[in-house]
1. From the phi angles alone, apply the Karplus equation (6.51, -1.76, 1.60; θ = phi - 60°) to the stretch C:54-66 and give each ³J(HN,Hα) in whole Hz, x where the residue is Gly or Pro.
2. Leaving out same-chain residues fewer than 8 places away, which lysines sit with a Cα under 27 Å from that of C:Lys150?
3. In the protein assembly as shown, what percentage of the DSSP-assigned beta bridges are antiparallel, given to the nearest 5?
4. Please state, rounded to one decimal and in Å, the Kirkwood hydrodynamic radius that the stretch A:1-105 gives when every pair of distinct Cα atoms enters the mean of 1/r.
5. Rounded to two decimal places and with Rh computed the Kirkwood way over Cα pairs, what is Rg over Rh for the stretch A:68-188?
6. Kindly give the semi-axes, whole Å and largest first, of the ellipsoid equivalent to the stretch B:98-163, taking each as the square root of 5 times a Cα gyration tensor eigenvalue.
7. Work from the charge dipole of chain C (Cβ charges, +1 for Lys and Arg, -1 for Asp and Glu, about the Cα centre) and give the residue of C:Gly82, C:Val190, C:Leu53 farthest towards its positive end.
8. Of A:Phe176, A:Tyr99, A:Leu123, whose Cα points farthest to the positive end of the dipole of the stretch A:39-247 (charges on the beta-carbon: +1 Lys, Arg; -1 Asp, Glu; origin at the Cα centre)?
Amino acid sequence: MSKIAFLRLAVIVIAVGLLEAACRGGLIDHRVVIPPSEMAIALAHILATGEANHQIIRTFGIVIISVAIAVALGFVLGVIVHALPRVRQALDPLFATYYAVPIFIFYPVMIAIFGLSVVPIILIGVLNAIVAMIIATLNGLDRVPRVLTKVGRVHRMGRVSTALRLKLPAAAPHLFTGVKLAVSYGFIAVIASEFIMAPAGLGRVISDAYSDFNNPRMYGLMLLLVIVATVVNMVLHVFDQRWAERRGIART
Amino acid sequence: MQAESSKPQVHASLSNVTRVYPGVAGNPPVNALGPINLELRRGEFFAVVGPSGCGKSTLLEVLAGLQPASSGTVMFEGAPVAGEVPEGIGVVFQEDASFPWLTVADNTAFGLRRAGMAESEIRRRVDDVLSFMGLKDFARAYPAQLSGGMRQRVCIARTLVLQPRLILLDEPFGALDAQTRLLMGDEVLRLWRRTGATVLLITHALDEAAMLSDRIGAMSARPGRFLEIVETGWPRDRDSTIVGDPRFGEITGRLWDNLRNESLKALGHAQMAAE
Amino acid sequence: MTLTKRTLDTLIIVAALLVMWQTLHMAVGATALPAPGSTLAYLAKFVPSARFLQNALATLESFFYALIVSYALGLSIGVWMGAHRLSGAVGEPILISLYTLPKITLYPVVLLIFGLSMSGRVTFGAMHGVLPVALMTMNAIRNIPPVYLKSARTMHLSKRQTVLTVLLPATLPEVASGLRIGFTLTLLGVLLAEMFAAKQGLGFLIINAMHLLQAEEMVTVTVVLFVFAALANSVLLWMEHRLHRRV
């Protein structure tokens with residue numbers, strides 16, 4: 001393990017350790033924050049009994065569906081818009097300012113229109129994620145070196161063949177950035193919806209646990225969300241780094 | 001009937017070819033090239049030199065079928081060139097066109113895989129070309145791990161493996177440092193001899209053209225026309241040591257005589273544009 | 001010429017959005033989604049009212065404090081991690097992980113610590129805004145071309161001069177970008193806090209209106225927030241472009 005990775009791990013371990021000590025030592029009230037060890041035990045208990053399995057599957061299922069729709073639809077729309085320069089010019093201000101507005105404020109409106117079901121949650125997840133994918137697709141297609149199209153013609157490749165075998169792989173790193181962002185934004189929107197108002201799901205269960213003063217349950221599930229979000233992010237990051245290295249693209 | 005056998009075969013030709021770029025956004029159309037008359041003899045090494053912007057690359061792309069001629073005819077192996085790049089022509093571009101997502105071996109095999117050749121045959125040909133180009137040890141590396149010169153070699157390998165009969169090189173060594181360029185010049189001669197292909201090289205370096213070619217076409221400033229076509233008369237088995245031959249200086253001198261004024265003109269154009 | 005073209009394009013988009021809104025309204029009915037026209041009428045009545053102004057002020061107050069904390073903390077962390085290589089290398093992945101984490105997950109903790117007070121909303125807003133400011137400031141400092149520093153030394157600039165006349169202008173565009181994103185995210189944080197657990201604020205008004213089946217009020221407040229965020233961002237973006245052009 002490199003020195004930096006070791007230091008990072010040390011920082012995290014020390015921080016958690018301090019929190020544990022502060023909780024056990026009475027510096028932090030038990031009714032506010034429970035020691036990390038107890039959080040872990042509570043989570044283990046929840047997973048062992050399987051009492052939250054249905055909610056866990058539901059929430060992560062919704063995230064996966066929303067992200068899948070956002071990535072697929074976003075990519076297709078990106079390709080279409082890229083092929084129509086006038087349309088792209090017209091939509092440019094929209095793309096530039098889309099993430100200026102917290103899209104999430106439209107969630108209550110969605111509930112009013114579609115009712116309190118899984119539909120507004122998926123919708124807001126898709127709406128939050130899709131434009132990142134569109135922008136990334138546009139960027140990726142922009143950055144395809146023009147010489148590649150000429151190479152396609154020298155090899156006498158048709159338009160579809162050139163698009164699939166040359167342009168797509170060339171744009172892939174940017175597309176992957178779009179996927180990363182879509183996953184992130186989709187996840188955030190879905191969890192937020194479940195907290196604010198939802199019939200079921202992890203967010204709902206956590207907010208219910210909060211209302212019921214059930215700290216172990218609440219913290220256990222919060223820990224689960226934090227772990228899953230961190231792991232998913234790390235995995236995507238590792239893939240991204242590896243592909244970027246192979247392509248000689250510098251990544252911080 | 002004349003004794004046709006002694007007359008060199010015409011492999012490709014441009015007859016009265018011009019290329020005009022249509023005006024865009026209210027600007028007048030640009031006469032980029034021509035009229036150009038050129039007959040490439042089968043198996044010869046022909047270089048085109050000229051000042052910046054004179055249309056050298058345009059000439060290459062029109063010949064390859066990447067751009068249409070605005071007038072005149074382009075022929076390759078007796079058939080007109082129109083719309084698509086004819087089978088049998090290979091092109092190496094100035095920019096790095098290696099595919100960063102494929103290994104060196106897969107890059108080289110790209111055209112063959114598309115042609116549906118048997119995998120064993122593909123591997124044999126790729127190995128052969130990679131050895132020839134000195135890339136054997138890097139077969140499984142990715143272009144990002146290689147230097148600029150090696151990446152260009154990958155592009156050449158990818159072209160060579162398809163066994164083209166006419167090889168077009170558009171300033172392929174433009175992005176490389178001077179020493180690498182000289183070495184690459186020797187490599188190009190090697191592959192020219194081995195493949196027996198006709199080679200057209202676009203370059204702005206007079207010494208490179210004089211050293212490598214059988215004939216050199218000196219182009220005027222835009223719109224480019226041939227001012228003179230110089231015959232070098234070099235033997236086929238030449239290499240870069242030819243620069244020691246006294247005639248090398250003469251040839252380079254002749255080229256510069258033709259081009260000095262043209263280069264000034266091209267520079268003048270640029271200065272006027274800046275004002 | 002390009003300016004008017006851009007404005008025209010923006011107007012076309014706005015018009016298209018209004019048309020979609022009207023169509024959706026006609027499809028689902030006024031109880032679910034009021035028409036643009038009636039929303040505008042309600043807006044004209046409601047916005048000047050005391051109730052709206054009180055809540056808007058509450059949101060603005062929380063937002064203002066949260067923004068100060070985001071900017072101050074974010075800039076400090078960013079400068080430190082940008083200048084101090086080791087801290088930057090160690091801390092960056094941690095910050096990025098926190099950035100992509102749905103922070104609403106942690107909101108109950110904030111509530112337990114601060115209760116329903118404004119401090120809680122300010123903290124939650126700051127939690128959202130700190131990260132982009134820190135990350136982008138850090139990057140801005142890291143990306144200063146070393147040749148700038150070498151030039152400063154050959155010109156015998158003092159440390160203070162170097163920072164003020166070279167480093168600051170060099171990092172300004174990227175830092176400004178981070179501040180703009182921090183603005184949006186801080187606002188999001190404050191609104192989320194109000195939507196989840198608050199007795200006042202514009203976020204609260206939206207959720208409250210939804211619970212009471214008052215679609216008009218809900219949509220009106222949403223639209224007001226939308227317009228505010230869009231306008232504020234345009235101003236910040238314009239300022240950012242001015243900075244970029246100078247560099």
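1. Whole-Hz 3J(HN,Hα) from phi for the stretch C:54-66: 4, 5, 4, 4, 4, 4, 4, 5, 4, 4, 4, 5, 4.
2. Excluding near neighbours in sequence, the set is C:Lys159.
3. Antiparallel bridges make up about 55 percent of those DSSP assigns within the protein assembly as shown.
4. 19.1
5. 1.07
6. 18, 12, 10
7. Value computed over the given set: C:Gly82.
8. It is A:Phe176, whose Cα lies furthest towards the positive end.
Every number here is computed from the coordinates shown, using simple stated rules; none is lab data. Bear in mind that the values here come from a model prediction, so they are computed numbers and not experimental data. Positions of Cβ are backbone-derived with ideal geometry, glycine not excepted, and every protein chain shown enters the neighbour counts.
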